[in-house]
Amino acid sequence: MSKIFSKESSYVDDRVQAVRERIDAACARAGRDPGEVRLVAVSKNHPPEAIGAARGAGVRRFGENRVQEARSKQPLTPSDIEWHLVGHLQRNKVRHAVGIFEWIHSVDSLDLARTLNRVAAEEGLSPHVLIQVNVAGEASKFGFRPEPLREAMEEMLALDRLNIEGLMTIAPYSRDPEDSRGHFVALRALRDTLAGEFAAGLPDLSMGMTGDFETAIEEGATLVRIGTAIFGERPR
Ligand SMILES: *Cc1c(COP(=O)(O)O)cnc(C)c1O
């Protein structure tokens, strides 16, 4: 983790404010209430001190992509944080994951959903989950393709320990946020279709990162997952 953190930390507060202003501006352009968009600060590869600084700037939701990293940071960070898992979850990490994360954005198979449901029941927990969709059909990405998701949806919705809140996607990498727009529109359309067909409340759309969160907000994001714009470049 970063050894130059003290130099970086003084910027976290300003960056959080700048991100909030950009969220508010995107909401204004889209005619949306900023209260509908929740910021998840993605703190992977950044030290606990950076999380503490962002918490001090008013951020309450933090995202990590690895269970083990979150486990090691959690005791060193404020206890009132709401943790979100944004990365792929292996089945042998599910028990640790449900113990840490109130939200899991990356449910990417029926098999994983069943395991999560069983373990959550054993642990007496009811996590909030989002179903990850590979909208663009990239071979390198996790997530359901839309048609298999339709086929799995009825069983997913019947898993009684899971609060299925909506859908999540990661747009293909591009420098131009306009390239993401069509993928965000497709995720929202899929949500609307599934919500209608299965009479399900699927209020949330987790979409948008540092490079494209304003576009995502314009297209209906309710959760934006932002790392670099808050914490700076990730130390390797
Ligand atoms: C790392 C990560 C983010 C944040 O990425 P930035 O471009 O740094 O904002 C968001 N979502 C997921 C799933 C990630 O892995």
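Numbers at a glance
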{"quantity": "Neighbour-count order for Thr169, Thr228, Thr215, Thr77, fewest beta carbons within 10 angstrom listed first", "calculated": "Thr228, Thr77, Thr215, Thr169"}
{"quantity": "In nm, spacing of pseudo-spin labels at Ala28 and Glu69 (7 Å Cα→C-beta vector)", "calculated": "3.4 nm"}
{"quantity": "Contour minus Cα-Cα distance for Leu157 and Ala136 (0.36 nm per residue)", "calculated": "5.2 nm"}
{"quantity": "Backbone HN-Hα couplings from phi across the stretch 164-173 [Karplus 6.51/-1.76/1.60, Hz, Gly and Pro as x]", "calculated": "7, 9, x, 10, 9, 8, 10, 6, x, 4"}
{"quantity": "Distance from the stretch 21-64 to the stretch 69-100 (C-alpha centre basis), Å", "calculated": "18 Å"}
{"quantity": "Rg ratio (alpha-carbon, reference 2.2 N^0.38 Å) - the stretch 59-115", "calculated": "1.08"}
{"quantity": "Residue with peak Gaussian network fluctuation, the chain [Cα springs, cutoff 10 Å], from Pro146, Pro48, Pro75", "calculated": "Pro75"}
{"quantity": "Listed residues Ile226, Ile51, Ile81, most fluctuating in the chain (Gaussian network, C-alpha, under 10 Å)", "calculated": "Ile81"}
{"quantity": "Binned Cα-Cα distance frequencies in the chain - 5 Å width, integer %", "calculated": "1, 7, 15, 18, 20, 17, 13, 7, 2, 0, 0"}
{"quantity": "Length added when fully stretched, Ala121-Gln17, from 0.36 nm per residue minus Cα-Cα", "calculated": "33.5 nm"}
{"quantity": "J(HN,Hα) series, the stretch 82-92, from Karplus relation 6.51 cos²θ - 1.76 cosθ + 1.60, nearest Hz, glycine and proline x", "calculated": "9, 8, 10, 8, 10, x, 4, 10, 7, 4, 6"}
{"quantity": "Viscosity 1.306 mPa s, 10 °C: Kirkwood-radius Stokes-Einstein D of the stretch 8-137 over Cα pairs, µm²/s", "calculated": "100 µm²/s"}
{"quantity": "Dimensions in Å of the stretch 72-190 - Rg and Dmax from alpha carbons", "calculated": "15.1, 45"}
{"quantity": "Theoretical gain in end-to-end length, Arg114 to Ile100 [0.36 nm per residue, Cα-Cα removed]", "calculated": "3.2 nm"}
{"quantity": "The stretch 154-236: mean projected area of Cα convex hull, nm²", "calculated": "6.8 nm²"}
{"quantity": "Proximal aspartates and glutamates relative to Lys73, as straight alpha-carbon distance under 12 Å, when same-chain residues fewer than 8 apart are discounted", "calculated": "Glu49, Glu64"}
{"quantity": "Residue with peak Gaussian network fluctuation, the chain [Cα springs, cutoff 10 Å], from Arg145, Arg38, Arg175", "calculated": "Arg175"}
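Read the figures in this text as sums done on the coordinates, not as results from a lab. Keep in mind the model is a prediction, meaning the values are calculated, not measured. All Cβ positions, even for glycine, are placed from backbone atoms using ideal geometry, and neighbour counts span all protein chains on display.
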